[in-house]
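The values are calculated or read from the model by the stated rules, or taken from the named source; none is laboratory data. Given the structure is predicted, the values throughout are model-derived calculations rather than measurements. Here Cβ is always computed from backbone atoms with ideal geometry, including for glycine, and neighbour counts include all displayed protein chains. Accessible surface is based on the protein model in full, side chains and every heavy atom, while ligands, DNA and RNA are left aside. Shrake-Rupley method; radii C 1.70, N 1.55, O 1.52, S 1.80 Å.
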Amino acid sequence: MSSGQDPVFREYETDSSQTSKLLRKFKETPFVPIGMAGFVAVVGYGLYRLKHRGNMKMSLHLIHMRVAAQGFVVGALTCGVLYSMFREHLLKPKE
């Protein structure tokens, strides 16, 4: 960016560290880190259960694990969208 131009997204360029940007983004959308943590938890549990799957085929176990992880992430994102709609439309004071 040349020095003669004003930055387009000034609030994004004022933060100097990646950590502060990440924390600000998590505060704006709290259900994204919840979805990410749930995904990691489901995958971790699935990998733990991989040893004790009995006579279940590996492909079937991996399919179940993938569906559970995707379901948790989609559910968390859906809750996030509903929460943001609630916050913007119902809690917003009428003008």
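Quick rundown of the values:
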item: FRET efficiency for Thr19 and Leu62, using Cβ-Cβ distance with R0 set to 41 Å, rounded to 0.05; result: 0.75
item: Label-point gap, in nm, between Gln70 and Asn55 - each point 7 angstrom along Cα→Cβ; result: 2.9 nm
item: Computed E for Lys27/Leu47 - FRET, C-beta separation, R0 41 angstrom, nearest 0.05; result: 0.85
item: Neighbourhood charge, 15 Å Cβ-Cβ cut-off, centred on Tyr45 and excluding it, Lys, Arg +1 and Asp, Glu -1; result: +4
item: Per residue accessible area of region 15-54, 1.4 Å probe, in Å²; result: 75 Å²
